[in-house]
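Asks: Encoded as structure tokens, here's the structure I'll be asking about.
Only the coordinates and a few stated rules stand behind these numbers; no lab work does. Predicted model, so just to flag it, every value in this text is computed and none were measured. Using ideal geometry, Cβ is built from the backbone for each residue, glycine included, and neighbour counts are taken over all protein chains shown.
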Amino acid sequence: MTEALVAENVRKEYGDVVALDGVSLTVESGEVFGLIGPNGAGKTTLTRALTGTTRVDGEVRVLGDAPDAVDFQRVGLLPQSFSPAARLTARELVSYYAGLYDEARDPDAVLEDVGMADDAAVHYENLSGGQQRRTCVATALVNDPDVLFLDEPTTGIDPAGRRALWRLLDDLAAGGTTIFLTSHSMTEVERLADRVGLLSDGELVAVGTPASLVAEHGGTSRLVVRTDAGTDAVAGAGFPVEAADGELVFHDVDADDIGTVVARLDEDGVGYESLVWRQPGLEEVYLRLTGEQFEGAEATAVAAGTGGAR
Amino acid sequence: MSRARRVASEFRAAWYAFVRRRTAVFFTFFFPVIIILIFGALVRTQPTGGGIFAEPPGYYIPGYLAVVVLFTPLSRVGSTIARHREGNRFEKLATTPLRRWEWLLAQTLVNVVVIGLASLLLLGLTVLVTDAVVRVTPALLLLGPFVALGVAVFCGVGAILGYVTESQDGVIAASNTVALPLLFLSETFVTPDLLPSWFRPLMALSPLTYFSRGVRALTYDPTAGDVGLSLAVVAVLAAAFFVVGAYAIPRTD
């Protein structure tokens, strides 16, 4: 595999604010790399550094060249909050960007790919938010890029459209396109990315496959019980328990342990509305590593049972 | 060929974006018309030997044309840049083969077409409403290059204003601040003898002065200026402002 994207010790400051603080990463050719992080963490700045649309300290290479020296025929970008000319139709917009390249795909075929074939003749300003975003995605695909930067591509797209777009990105990745994706949707990143990077306060605090990040930082599975009871009512349950927002959360509960907890609740006479068992995911990784975990529970008592089944 | 394809694509998009903004189209043509109606028909030229509008109607043809050659490119290119910045369009264009000067060339060509049409309308209306007489000679064909190069000058200036200001509101304010003094202090509507003697040399600093002199010599009074020299100065200024304007177009944040 060759390196499609390389960032080495990239630093960017806006006045006194450090947007990127020595970020280094490599994205291999054909890889889908997902970048997650809170608002203001530096995701868009890193995307701009990689596309050469902001000047940074450090070294950046795209397909082996500096971002401003790369063959633009091979690069596609969907910027964050991208808003093209409102009174062009979807077809005219995609055709416009197609006209900027020596070689481009048939605009109608690209619109078909993003599910916009039926609305190709509608002015951009008259499209729904999701249709607008899909049209914008089409403008990034029209030159059939080898490296595709997508900054929050599915914002505003309905679930069906989002899944259709995910399938399209799957196909692109299967065809060898390198995809650099930023998103606030953990489901999306977990679904699409081969590897994930987590930015927090301008620093890349974790990089790995979704599974490895979850295994390392996601914690354990848990059982969430919707109840008015407090932690005192289940003392000695054998699992760490915390109470928050009308819920008791039993940590370290494997699927096989659910019956044990339910039996214990019955024994203790604890009534409940519902039970939900959750495995850790990228969202837990995100919350733990960005320090945003369980903010709502900080004011409540946290109790760990002793004795019991485990 | 690739370059022509890119410029043509940008031209098409910019043209559609303009002609489909009906209010923009309406006011682009209505603004100069109302200027003529106010100053040419309502106030009327009254040669009395002194004061403003004391010259024969033909004297003011360059002034009427200057209204569109000056105002329209300044505000259009400036606000287009502001819109592109607000929509992160330059960020995307920076990752395409389109060069900044190609973008400005396409925008300039759109303005040349729009303002060329507006100029024809103005010229006809001026003759119709103000009784101005236009000298019809083969040299009158040079009016086209004067308008085109004048538009290029102010497209370049508009690009610079778009770079300096950060919003469409800022562009409008800056455009008016630049355009109004130029419009009245460039031998257009106000004759040099109405201005203090110390100020007159400063009129040579305005690009619009050379446009006025050349157009006036073509359409009204052959002794008003050296057509060739005026055209050459406007051409050099057009090239200079185009280069600076193209360089000013944002590529990064």
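Asks: What is the pair-distance distribution P(r) of region B:2-248, computed from all Cα-Cα distances in 5 Å bins starting at 0, with each bin given as a whole percent?
Replies: Result returned by the calculation: 1, 7, 13, 18, 20, 16, 12, 7, 4, 2, 1, 0, 0.
Asks: Just want to confirm a number: the relative contact order over chain B, from Cα pairs under 8 angstrom separated by 6+ residues, in percent.
Replies: Values: 351 pairs, mean separation 73.1, N = 253.
Answer for chain B is 29 percent.
Asks: I'd like to know which of A:129, B:209, A:271 lies farthest towards the positive end of the charge dipole of the protein assembly as shown, counting +1 on Cβ of Lys and Arg and -1 on Cβ of Asp and Glu.
Replies: Value computed over the given set: B:209.
Asks: Using the scaling law 2.2 N^0.38 Å as the reference, what is the normalised Cα Rg of chain A?
Replies: 1.20
Asks: How far is the Cα center of region A:50-100 from the Cα center of region B:68-88, in Å?
Replies: 22 Å
Asks: Of chain A, which part is the longest with no GluC sites (Glu not before Pro) in a loop (DSSP not H, G, I, E, B) and with at most 11 other C-beta atoms within 10 angstrom?
Replies: No qualifying site falls inside A:104-272, the longest such stretch.
Asks: So if I place +1 on the C-beta of Lys and Arg and -1 on the C-beta of Asp and Glu, and nothing else carries charge, what would the dipole magnitude of the protein assembly as shown be about its Cα centre? I want it in debye, nearest 20. Walk me through the intermediate numbers first.
Replies: Numbers: 43 positive and 66 negative charges, 781 e Å.
Computed charge dipole of the protein assembly as shown: roughly 3740 debye.
Asks: Out of A:90, A:178, A:237, whose Cα points farthest toward the positive end of the dipole of chain A (charges: +1 Lys, Arg; -1 Asp, Glu; placed on Cβ)?
Replies: The Cα lying farthest towards the positive end belongs to A:90.
Asks: Using the Cα centre of region A:1-106 as the reference point, and only Cβ charges (+1 on K/R, -1 on D/E), how large is the resulting charge dipole? Debye, rounded to the nearest 20. If you can, show how the numbers build up before the last one.
Replies: Working: 10 positive and 16 negative charges, 96 e Å.
The dipole of region A:1-106 has a size of about 460 debye.
Asks: Now for a different question. Looking at region B:52-157, which trypsin sites (Lys or Arg not before Pro) are DSSP coil and have at most 15 other C-beta atoms within 10 Å of their C-beta?
Replies: Listed in order of number, the matching sites are B:135.
Asks: Give me the net charge for the shell around residue A:285: Cβ to Cβ below 12 angstrom, other residues only, Lys and Arg +1, Asp and Glu -1.
Replies: Surrounding charge for residue A:285 is -4.
Asks: Separate question: Would you mind giving the mean number of other chain beta-carbons within 10 Å of the Cβ of each residue in B:92-102, as a whole number?
Replies: 6
Asks: Pick from A:145, A:159, A:210: which is most flexible by mean-square fluctuation in a GNM of chain A where alpha carbon atoms under 10 Å apart are linked?
Replies: So, out of A:145, A:159, A:210, the one fluctuating most is A:159.
Asks: For chain A, take the longest principal axis of its alpha carbons; what is the angle in degrees between that and the long axis of helix A:129-141, to the nearest 10 within 0 to 90?
Replies: 50 degrees
Asks: May I pose another question? Using alpha carbons only, how many degrees (0 to 90, rounded to 10) separate the axis of helix A:258-267 from the longest principal axis of chain A?
Replies: The two axes meet at around 40 degrees.
Asks: With point charges of +1 on the Cβ of Lys and Arg and -1 on the Cβ of Asp and Glu, referenced to the Cα centre of chain A, which listed residue (A:196, A:138, A:208) lies farthest in the positive direction of the dipole?
Replies: A:138
Asks: Now for a different question. Longest segment of chain A with no chymotrypsin sites (Phe, Trp or Tyr not before Pro) in a DSSP loop having at most 16 other Cβ atoms within 10 Å?
Replies: A:1-271
Asks: Let me understand the protein assembly as shown better: what is its radius of gyration from the alpha carbons, and its Dmax, in angstrom?
Replies: 32.1, 111
Asks: While we're here: When the chain is fully extended, how far beyond the present Cα-Cα distance does residue B:199 get from residue B:166, taking 0.36 nm per residue of separation?
Replies: In short, 8.6 nm is gained.
Asks: Moving on to the next point. Exposed loop sites here are chymotrypsin sites (Phe, Trp or Tyr not before Pro) in DSSP loop states with at most 12 other C-beta atoms within 10 Å. What is the longest stretch of chain B lacking them? List each step's numbers first, then the result.
Replies: Details: sites that count: B:198, B:199.
No qualifying site falls inside B:1-197, the longest such stretch.
Asks: Separate question: For chain A, take the longest principal axis of its alpha carbons; what is the angle in degrees between that and the long axis of helix A:159-174, to the nearest 10 within 0 to 90?
Replies: 60 degrees
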